[in-house]
Structure formats: C-alpha cells, structure tokens
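S.K.: Submitted below is the structure of interest, expressed as structure tokens.
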C-alpha cells in the first residue's frame with residue numbers, strides 16, 4: 001500500500017502519554033454504547049481478548065434495552081498529528097484523512113454534510129462518553145462523543161494472533177470503525193437502539209450482526225472510492241482486508257476459542273458474511289448496496 005507522503009488528518013487525539021483513565025466512571029464496567037470491530041470475548045492461551053463484549057455492543061444487554069449513554073468528559077487534550085517518527089500512528093492518521101475526504105464527497109453528493117469523527121490513540125484505558133474504554137476491547141467507536149478509540153498494540157494482535165497481517169488489513173479496521181460513525185450520522189444507530197428495546201436477546205444479536213455487516217460494507221465503499229482517487233493499493237492489499245474480515249468472523253473466533261460454533265450468539269456475522277459484505281461495498285462503491293437490514297444475509 002503506497003500510503004507514505006499522503007495527507008494526514010488533523011482529528012487525531014493522542015492520549016498515549018496520559019496514562020490510564022478509568023477513575024470516576026463507577027467501576028470497571030462500561031456504561032454506554034461502544035461499537036467495535038470485534039465482539040466475541042475469547043480467552044486464548046495468552047489470556048488476550050479480542051473485540052468488545054457483545055453485551056455492550058450498542059447497549060444490547062441480554063433481555064433488555066441497555067442503559068443510557070453515560071456522558072463523561074475526557075481529559076482535555078488537543079487533537080494533533082502523531083510524531084513524524086511514529087510510523088504506525090502516522091499510518092492511522094493518513095487512513096483517517098482519506099476516510100474524511102471520501103465520506104465528505106459521498107455525503108456532499110447526497111446533499112448532506114459529513115462531520116469528521118476524531119480518532120483517539122491511547123494505551124491501556126481511557127475515559128470516553130460511553131464509559132471507560134480498555135485496550136482489551138479492541139478498536140471501537142463511541143457514538144456518545146463521535147470518536148474512534150484505538151490502542152495501536154491491537155495491530156500486533158491482528159497480525160500475530162488473529163492471522164491477519166498487512167497494512168490494508170489495518171486500514172480495514174479503521175474504515176470499519178469509521179463506518180459505524182457513518183451509521184451514526186445517518187441515524188442507523190438510534191434506529192437500532194429503538195428496535196432492540198423490543199427484541200429478545202437472540203433477536204438483538206441478529207440485529208447487531210446486521211449493524212456490523214453494514215459497517216463492513218461501508219468500509220468496502222470507502223476502499224473503492226479511495227482506490228479510484230489514489231490508486232494506492234498494491235497486489236495483495238484487498239486480499240489482506242478480506243482475510244482480516246474472514247479471521248474476525250464470529251464462527252472462526254468461536255471455533256478457535258472454544259472448538260464449537262453457536263450461531264445464535266453471533267453479533268458480527270460469520271467469516272463468509274463479513275467477507276461478502278466488504279466485497280459488496282468494494283465492488284459497487286455504493287452506499288445503497290449496504291442495506292443489510294432489508295437484505296438476505
């Protein structure tokens with residue numbers, strides 16, 4: 001991926017020197033809605049956990065509608081570009097900038113205005129408008145403050161433990177979380193919350209799958225337009241993103257963690273579904289093709 005030397009975003013908030021931020025949030029629980037790229041809690045030999053707890057995705061508490069978003073003020077921190085010698089952070093900032101350009105153009109063409117999200121780099125833990133965010137959750141988006149949260153160590157987990165190496169696999173992660181921001185701007189997040197209030201736990205899981213697959217599709221839409229304008233993808237890049245989508249499918253994660261698959265507990269979709277919906281977005285470049293709520297999965 002030929003990304004070096006490209007424009008970077010001004011919406012990166014670097015909290016990595018601020019230390020953990022869990023104090024004052026009423027314990028270690030998460031009091032709001034986080035939308036993350038992974039949600040199946042898996043305990044592998046190293047004790048690492050991938051993704052956000054499915055009970056917290058969109059506030060989808062089992063058997064209930066979830067608690068309100070806890071509006072918390074994060075420590076004051078000016079958004080700024082990462083240090084020039086921090087290659088991983090510069091890469092993320094570059095990808096974020098391209099999502100801003102692409103989605104800005106798509107929204108403008110539809111007669112709407114795109115509001116850029118901020119991306120927070122942190123280590124270990126940090127306060128968010130949805131409660132305390134922790135590295136063990138993996139990357140996530142908080143609709144309460146319109147921010148994507150990322151501990152860059154996750155990329156090492158993605159490569160070594162999940163078997164999804166490659167820079168475009170990392171770009172897919174960022175684009176997926178930005179996809180959740182797009183959903184928030186389009187009102188999807190609020191509609192899903194309203195739907196979930198009247199659903200059983202199993203129905204809520206199925207709704208969550210549709211939310212996540214749509215974010216995968218939107219990531220594919222970004223990739224299509226990004227490549228059209230920049231031509232920065234190289235041989236194997238798209239395949240690395242498709243591999244990442246496959247490796248974080250609920251069935252693959254459950255099989256690797258527990259040796260069995262429980263479809264009714266899926267919250268993000270199977271490997272085949274995640275690959276198919278990213279590819280659908282990438283092949284079409286059309287947001288209209290990402291309506292997972294009215295499509296057969």
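S.K.: Restrict the check to the range 181-195 and report whether at least one residue is at pLDDT below 90, assigned to a loop (DSSP other than H, G, I, E, B) and surrounded by fewer than 24 Cβ atoms within 10 Å (Cβ to Cβ).
M.R.: No, the range 181-195 contains no residue that is at pLDDT below 90, assigned to a loop (DSSP other than H, G, I, E, B) and surrounded by fewer than 24 Cβ atoms within 10 Å (Cβ to Cβ).
S.K.: Being in a loop (DSSP other than H, G, I, E, B) and either in contact (Cβ under 8 Å) with a residue 12 or more places away in the chain or out of contact with any helix residue (DSSP H, G or I) (no Cβ under 9 Å at 6 or more places or on another chain) (or both) is the requirement here; does residue 225 meet it?
M.R.: Working: in a loop (DSSP other than H, G, I, E, B): no; either in contact (Cβ under 8 Å) with a residue 12 or more places away in the chain or out of contact with any helix residue (DSSP H, G or I) (no Cβ under 9 Å at 6 or more places or on another chain) (or both): yes.
Spelling it out, it is not the case that residue 225 is in a loop (DSSP other than H, G, I, E, B) and either in contact (Cβ under 8 Å) with a residue 12 or more places away in the chain or out of contact with any helix residue (DSSP H, G or I) (no Cβ under 9 Å at 6 or more places or on another chain) (or both).
S.K.: Based on this model, can you work out whether residue 281 counts as part of a helix (DSSP H, G or I), free of Cβ contacts under 8 Å to residues at least 60 places away in the same chain and crowded, with 24+ Cβ neighbours inside 10 Å?
M.R.: Values: part of a helix (DSSP H, G or I): yes; free of Cβ contacts under 8 Å to residues at least 60 places away in the same chain: no; crowded, with 24+ Cβ neighbours inside 10 Å: yes.
Spelling it out, it is not the case that residue 281 is part of a helix (DSSP H, G or I), free of Cβ contacts under 8 Å to residues at least 60 places away in the same chain and crowded, with 24+ Cβ neighbours inside 10 Å.
S.K.: Okay, moving on. Considering 227, 247, which residue is under 17 Å from residue 176 (Cβ atoms), surrounded by fewer than 18 Cβ atoms within 10 Å (Cβ to Cβ) and out of contact with any strand residue (DSSP E or B) (no Cβ under 8 Å at 6 or more places or on another chain)?
M.R.: Testing whether each residue is under 17 Å from residue 176 (Cβ atoms), surrounded by fewer than 18 Cβ atoms within 10 Å (Cβ to Cβ) and out of contact with any strand residue (DSSP E or B) (no Cβ under 8 Å at 6 or more places or on another chain) leaves just 227.
S.K.: Which members of the range 259-278 meet the condition of being outside any loop (DSSP other than H, G, I, E, B) and without any contact (Cβ under 8 Å) to a residue 12 or more places away in the chain? Explain how you work it out, then say what you get.
M.R.: Taking the range 259-278 first, the residues outside any loop (DSSP other than H, G, I, E, B) are 263-265, 271-278.
Once the filter is applied, which keeps residues that are outside any loop (DSSP other than H, G, I, E, B) and without any contact (Cβ under 8 Å) to a residue 12 or more places away in the chain, the range 259-278 yields only 276.
S.K.: Among (1) within 22 Å of residue 3 (Cβ to Cβ); (2) out of contact with any strand residue (DSSP E or B) (no Cβ under 7 Å at 6 or more places or on another chain); (3) in contact (Cβ under 8 Å) with a residue 12 or more places away in the chain; (4) assigned to a helix (DSSP H, G or I), which single condition is residue 160 missing?
M.R.: Residue 160 satisfies every listed condition except (3).
S.K.: Name every residue in the range 199-211 that is out of contact with any strand residue (DSSP E or B) (no Cβ under 7 Å at 6 or more places or on another chain), farther than 14 Å from residue 295 by Cβ and in a helix (DSSP H, G or I), in order of residue number.
M.R.: Within the range 199-211, 201, 202, 203, 204, 205 qualify.
S.K.: Tell me the residue from 296, 272 that is more than 17 Å from the chain's Cα centre (by Cα), closer than 19 Å to residue 208 by Cα and loosely packed, with under 14 Cβ neighbours inside 10 Å, please. Quick ask: steps written out before the conclusion?
M.R.: Details: 272 fails: loosely packed, with under 14 Cβ neighbours inside 10 Å.
Result of the check over 296, 272: 296.
The values are calculated or read from the model by the stated rules, or taken from the named source; none is laboratory data. What you see is a predicted model, and the numbers here were worked out from it, not measured in a lab. Counting neighbours? That spans all protein chains shown, and the Cβs are built from the backbone with ideal geometry, glycine included.
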